[in-house]
Amino acid sequence: MNSSFKAHIALFIAQVIYALNYSIAKDLMPNHISPIGLVMMRVMGAFILFWLVSFFSRSEKIEKEDLKKMMLLAVFGVAVNQIFFIWGLSLTKPINSAIIMVSNPIAVMVFTIIVFKEKITALKLTGLSFGVIGALTLLLFKAHGSFAIGSETIIGDLMTLINSLSWAVFVVMVKPYMQKYQTVTVMKWIFLFGFIYVSPFGIPALLDVKWLSLTPHIIFAMAFVVIATTFLAYLLNTYALKALSSSVVSMYIYLQPFLATAIAIWLGKDEITLLKVISGFLIISGVYLASFKKKETS
């Protein structure tokens, strides 16, 4: 199994986790924990897990200049990304958030052109177009007219957009370090810095949680958000950057609405329609085309 294939499997698993998260963690805020409290729990949990795993991994020394860059990357990839997404989601409609996040692969593609002068091929543009059309068709169909950007949701919508752009910067800028160091080595430092940035706001919110009154279901949902949606998802996404371009990694975000729908159908909470099949075909085709590479002829 080559590294590229492993990276695609890692990305697919990450999207399954994100899709499951919609059903598992939807009731956590604000009844049981505040948005900033949930961010603190995610960042602190992932920080602890990455450092624990690092004790069982090969020790690596980070160059001083790289460590400084990771301090900055933690702002984009952890602090801004986590806070603006969760907080934004609490101030807007879920469908608004999902549709705005469609902008992420577009932003990643633009940043890779600017930063790394990456060549954008016709296949990548076609794949991106298929992904956007498929995701938007599926999301707008599910919206049933509830999608609306206006004065009531504008703050949350802007926060979600900032989150999308912040994650795009992180995915593009972290790639060289993922190729230079082990995945766990990079992530343990990024989450350490992220923990430091978020703590002043998050710890008071975490202390407000009525821990003794939480039900087993809520405790499981919180554990899933920390272990799966944060620790594992970050691990899998950044691992994939070792073998795939930032553009391809970001394209997998279009699988989330498709997988969320597929899970809902499997659970009997949704049904298959022709439009959903077409949307799914466009999304999968888009991801494939974006990651397709022509074999060089000798």
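The values are calculated or read from the model by the stated rules, or taken from the named source; none is laboratory data. Worth saying up front: this structure is predicted, and the values here are computed from it rather than measured. Positions of Cβ are backbone-derived with ideal geometry, glycine not excepted, and every protein chain shown enters the neighbour counts.
Each row is one residue, and each column tells you yes or no for (1) closer than 25 Å to Asp66 by Cβ; (2) of a type in the set (Val, Ile, Thr); (3) at pLDDT 85 or above; (4) in contact with a helix residue (DSSP H, G or I) (Cβ under 6 Å, 6 or more places away or on another chain).
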{"residue": "Ala135", "(1), (2), (3), (4)": "no, no, no, yes"}
{"residue": "Leu138", "(1), (2), (3), (4)": "no, no, no, yes"}
{"residue": "Phe170", "(1), (2), (3), (4)": "yes, no, yes, yes"}
{"residue": "Pro176", "(1), (2), (3), (4)": "yes, no, yes, no"}
{"residue": "Thr183", "(1), (2), (3), (4)": "yes, yes, yes, yes"}
{"residue": "Phe193", "(1), (2), (3), (4)": "yes, no, yes, yes"}
{"residue": "Pro200", "(1), (2), (3), (4)": "no, no, yes, no"}
{"residue": "Pro204", "(1), (2), (3), (4)": "no, no, yes, no"}
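Take region 90-104 and flag every residue that is at pLDDT below 85, surrounded by fewer than 20 Cβ atoms within 10 Å (Cβ to Cβ) and in a helix (DSSP H, G or I). Matches in region 90-104: Ser90, Leu91, Pro94, Ile95.
Residue-wise test of (1) under 13 Å from Ile227 (Cα atoms); (2) in contact (Cβ under 8 Å) with a residue 40 or more places away in the chain; (3) crowded, with 19+ Cβ neighbours inside 10 Å; (4) touching a Lys or Arg at 6+ places or on another chain (Cβ under 7 Å).
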{"site": "Pro30", "(1), (2), (3), (4)": "no, yes, no, no"}
{"site": "Pro35", "(1), (2), (3), (4)": "no, yes, yes, no"}
{"site": "Met44", "(1), (2), (3), (4)": "yes, yes, yes, no"}
{"site": "Phe47", "(1), (2), (3), (4)": "yes, yes, yes, no"}
{"site": "Asp66", "(1), (2), (3), (4)": "no, yes, no, no"}
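Looking across region 26-62, the residues that are among the basic types (Lys, Arg) and either within 12 Å of Met187 (Cβ to Cβ) or more than 19 Å from the chain's Cα centre (by Cα) (or both) come down to Arg58, Lys61. Among the residues here, Gly77 qualifies as surrounded by 19 or more Cβ atoms within 10 Å (Cβ to Cβ), assigned to a helix (DSSP H, G or I) and within 18 Å of the chain's Cα centre (by Cα).
Residue pairs whose Cβ atoms lie under 7 Å apart, separated by 6 or more positions or on different chains, with the first residue in region 223-238 and within 10 Å of Ile24 (Cβ to Cβ) and without any contact (Cβ under 8 Å) to a residue 60 or more places away in the chain and the second of a type outside the set (Ser, Thr, Tyr) and in a helix (DSSP H, G or I), do not occur. Just one of the listed residues (Ala221, Ala228) is in a helix (DSSP H, G or I), among the small types (Gly, Ala, Ser) and over 30 Å from Val108 (Cα atoms), and it is Ala221. Can you confirm whether region 208-229 contains a residue that is basic (Lys, Arg) and over 30 Å from Ile113 (Cα atoms)? Looking through region 208-229, at least one residue is basic (Lys, Arg) and over 30 Å from Ile113 (Cα atoms).
Yes or no, residue by residue, for (1) part of a helix (DSSP H, G or I); (2) touching a Pro at 6+ places or on another chain (Cβ under 8 Å); (3) more than 28 Å from Phe84 (Cβ to Cβ):
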{"site": "His8", "(1), (2), (3)": "yes, no, yes"}
{"site": "Ser23", "(1), (2), (3)": "yes, no, no"}
{"site": "Phe50", "(1), (2), (3)": "yes, no, no"}
{"site": "Ser59", "(1), (2), (3)": "no, no, yes"}
{"site": "Asp66", "(1), (2), (3)": "yes, no, no"}
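I'm trying to understand the selection: among the residues of region 111-124, which are at pLDDT 85 or above and either of a type in the set (A, V, I, L, M) or closer than 18 Å to Val287 by Cβ (or both)?
Within region 111-124, just Thr112 meets the criteria.
The set of residues from region 244-282 being at pLDDT below 85, among the hydrophobic types (A, V, I, L, M, F, W, C) and surrounded by 15 or more Cβ atoms within 10 Å (Cβ to Cβ) comprises Phe258, Leu259, Ala260, Ala262, Ile263, Ala264.
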